[in-house]
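Data block below; observations after.
The values are calculated or read from the model by the stated rules, or taken from the named source; none is laboratory data. What you are looking at is a predicted structure, and each value in this text was computed from that prediction instead of being measured. Here the Cβ is made from the backbone with ideal geometry for all residues, glycine too, and neighbour counts use every protein chain on show. When the accessible area is computed, the model is the full protein with side chains, heavy atoms only, and any ligands, DNA or RNA have been set aside. Shrake-Rupley method; radii C 1.70, N 1.55, O 1.52, S 1.80 Å.
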Amino acid sequence: MILPAVAEKYSLKPALILLVLITAGLVGNIFAPRLFMGFNYLFGSIAVLVILRVYGLLWSVVAALIAASPTIWLFHHPFALIWLTLEPLAIGLLLRRNPNAPNLVLFSAIYWTLLGVPLIFLFFLGVQGAGLGGTLPAAMMYWLIGVTNALVASLLLNIPVVAALVGLRKRLQSISLRQVIFNLLMAVVAGPAILVMILNGRMMENQSHANALKVIEDIARVAPLEIALALGQDQETQALGAILVDLGAAIPEGIIISVCDVRGGVLASSYPAIRPAGDIHDPFYNSDKLPVAAGIYRAMPRSDIPIPLWQRVQRSSLVRESLLESAPELRLLIEMPLAPHQHRLLQRQTGSLALFLALIIAALINALFFSRWLAAPLFQLSRATTNLPARINDRARIDYPETRITEIDRLIGNFKAMGEVLQEKFSEITKSNETLERRVQKRTEELEYLATHDPLTRLPNRNLLRDRLEQALTQQSRHGDRIGLLLLDLDNFKMVNDTLGHTAGDLLLQQVAQRLCGSVRRMDTVARLGGDEFVILAAEVHSADGLGKIAQKVLEEFGIPFLLSGQELFITASVGVTLSPDDGHGADLLLKNADTAMYQAKKLGKNNFQFFTGEMDLRIRNRLDLETRLRRALERNEFLLHYQPQIDLYDGRIVGIEGLIRWQKEPHELVEPTDFIPILEETGLIVPTGDWVLQTAIGQAKQWEADGFGPLQLAVNISARQFYRENLPEKIQRILSDNAFDSSLLTLEITESILIQDIEESVSKLGALKKMGVNIALDDFGTGYSSLAYLKRLPIDELKIDRTFVDGITHDANDATLIDAIIELAHKLGMKVVAEGVETADQLAFLKHKGCEKMQGFYLSRPLPPTALEDLLKIDAEQKSARGEEHRAALNRAFWDAQASSPPKDQHLANRR
């Protein structure tokens, strides 16, 4: 069963880390560094034990099988694969039984003592037939290597960076103080011990090797002299053999001295088993010839022979091979088997290993004891202080541990003192809690009241009103009563806040609430919706007349002045009235209907009440539909421009055009500008729409100029939102530049009401436009806030007389006088005059007589689409030589021919923008 220790065990990152760790284990066993006497340090199990802690038992066994596979080559037998694979299996099972004490070092020592070492004895003694002298140090060596690898793996996992890098779970990354002390004590003892053991073993091996070389060199100096003497006295091999036997008896046991010819045939030897008389003797037979020093080689059994490396080292020998100076055709061979030296080394190293093993075991026991001794008081203190506040509050007994360690004893004393302080604080807190609960209870009641009442007027708020309205509707369905709802909005309340301040506004709202409560029945509910809106819920209303009387009584209350800080204030209200079930049955529906009726009262001049009707709802729905459609009209290309020509009253020629927006809502349905332009203004859509008008009109005028019609003065209306945005001059300059249009041919028409909103801003912005060369026309002059004070300050080029004055000039002396005065005033100020809405020849004659420069209106042409206007422009171009009146008549005839219809009776409608 897998015990995964990573949250995302199937993601790419854990898989890559697992692959890296397995590779590290494999490399650690392939490139195992040599210690001494043929022993290697197999450190691949470090990675295997890390995998055990991070990825679980199954993956560690798989990793052990892969990492231990090189030992088949090292030992020429798969037996080592078994004991190295059993290591993570045994330690993993011990970890499962002790999940709260994951001591890898202790568990590794248990495994190697109880299972690993016996398996090594079984393998070396039983399978490979090695002696006890070689098996015992090998077993101790692998015990030390296994425990040391477990210690290294544990220390690595105790490093936060390493633990996080390999993906150890947060829960497993936390370690106990006991484990930290144990690992540190083991590292302090085991690290130097292992290092000393390796250095000592290397030193003894090197010393033994040096001694062996010295013996061979000594023999190599003496033997040629004796052999030369023997060869000089007797050339028979029998005498030479006797000399070599005598030499063999005088040198250490086991060393063989032989004399051979160049073919390797033995002439004589100190070793009886090597027979002379021509036998071929090769000391490197079945061995690797490894150079050691000048003329000295090591004959080591070949690596393909199935014995461990340390046994190959034991069975190797040193061979010195040289030519005899007295007989150059002969070779002197000195063979020194290393087995006796290795045996003595093993005996000495076995003693050293036993000493180090005893030291490591003693360190292990001491580490276990001291880590428990040092950490036990802290563990007991941790257990005693778990959930300490609750235990103190319950007055439970707390058994603090005792220790002779000064620092821990002080810590325990601090906890005792803290417990006593907490005991006192809990008593104080208990008393404070009782006081706080009473305050919370009081505050809760206040919040519950505020949740249903307006904090300023103390009237029911929207939530409580809705609740009472729904209750009334429920009772109505049972008893058949009628319910009235009056929604009241103060007229011009913003002006009170702006002039007298918000404090005065709040005081006014409180007095309004008091009056409303005094003007209704006790069964009725007066509520404040927010701002300056109030609602009266009138229950058990018998008729609409009765509800109307309530509304009238409310309005009469506002006829009495309000007193604010000693100052009288008159204010009115607009009231919307709805009745249930006549107008609907539902709280939201009734509130919506009352709101609709209230806005109708506002529209009809304020200070009145209006009953809700279905026509109101229809108008609201139509307006919402228009607003919804308008928001997509621009992107759907539903807007188009019609152009109304302007003629020069002196020569009758077309000198300008005014671009007027139209909305083609349906293929054969044009929406009147008066129906959608106010909505564009309110929603802010007038800004992008106005930009489109400017871009389209200037582009069209540029096209007509290219077609030979012109140049024509182009007039475009600018809304308030367009005018007061910061980048209007830059926007217009960019459009002019994009179309390469002459700025002097552009006239921006702006109404008086726009300019008077901020006269300083208007002067500044108009000045910027004038610097660009753009002409400014004051539209609808005389209908707004006409003032000579601002008129002389504004850089205006034209005054446009509103059609309301033009209509009456032929039959109303006052209108005629006003027109005359406006024209005279404009000329005195250096402005030209354009008359709008000219519909008759008498109006035209009057305006021409008074000196008006230009006119536009139905008498010449209604606003036309571009193609129809082009026909007029063609006629205008053909009639250049005609007199003004004849020219105008020709244009008029061309216009009606293009329309293929007679003039509509409602000429006002035809001239709407």
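Quick look at the numbers
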read-out: Any hit, region 277-299, residues being assigned by the TED database to the domain that holds L330, open to solvent by less than 60 Å² (accessible area, probe 1.4 Å) and touching a Phe, Trp or Tyr at 6+ places or on another chain (Cβ under 6 Å); value: yes
read-out: Positions within region 153-196 being outside any helix (DSSP H, G or I) and either modelled with pLDDT of 70 or more or open to solvent by less than 80 Å² (accessible area, probe 1.4 Å) (or both), in sequence order; value: I159, G167, L168, I175, S176
read-out: Exclusive hit being under 16 Å from A597 (Cα atoms) and either in contact (Cβ under 8 Å) with a residue 60 or more places away in the chain or surrounded by 17 or more Cβ atoms within 10 Å (Cβ to Cβ) (or both), set L547, L508; value: L547
read-out: Residues satisfying the stated conditions in region 738-752, i.e. part of a helix (DSSP H, G or I) and within 19 Å of E726 (Cα to Cα); value: none
read-out: Any hit, region 634-649, residues being in a helix (DSSP H, G or I) and either modelled with pLDDT under 90 or touching a strand residue (DSSP E or B) at 6+ places or on another chain (Cβ under 9 Å) (or both); value: no
read-out: Filter pass, R521 being of a type in the set (K, R) and in contact (Cβ under 8 Å) with a residue 24 or more places away in the chain; value: no
read-out: The one condition in (1) out of contact with any helix residue (DSSP H, G or I) (no Cβ under 7 Å at 6 or more places or on another chain); (2) open to solvent by 60 Å² or more (accessible area, probe 1.4 Å) that G656 fails to fulfil; value: (2)
read-out: Single residue of L844, L869, L860 found to be in contact (Cβ under 8 Å) with a residue 40 or more places away in the chain and outside any helix (DSSP H, G or I); value: L860
read-out: Residues located in region 247-284, provided they are aliphatic (A, V, I, L, M) and either in a strand (DSSP E or B) or modelled with pLDDT of 80 or more (or both); value: I255, I256, I257, V259, V266, L267, A268, I280
read-out: All positions within region 571-605 that are in a loop (DSSP other than H, G, I, E, B) and either closer than 22 Å to V541 by Cα or at pLDDT below 90 (or both); value: P581, D582, D583, G584, H585, G586, L604, G605
read-out: Residue in region 535-544 that is open to solvent by less than 40 Å² (accessible area, probe 1.4 Å) and in a loop (DSSP other than H, G, I, E, B) present; value: no
read-out: Residue match in region 703-712 (condition: in a helix (DSSP H, G or I), open to solvent by 50 Å² or more (accessible area, probe 1.4 Å) and more than 25 Å from D871 (Cβ to Cβ)); value: no
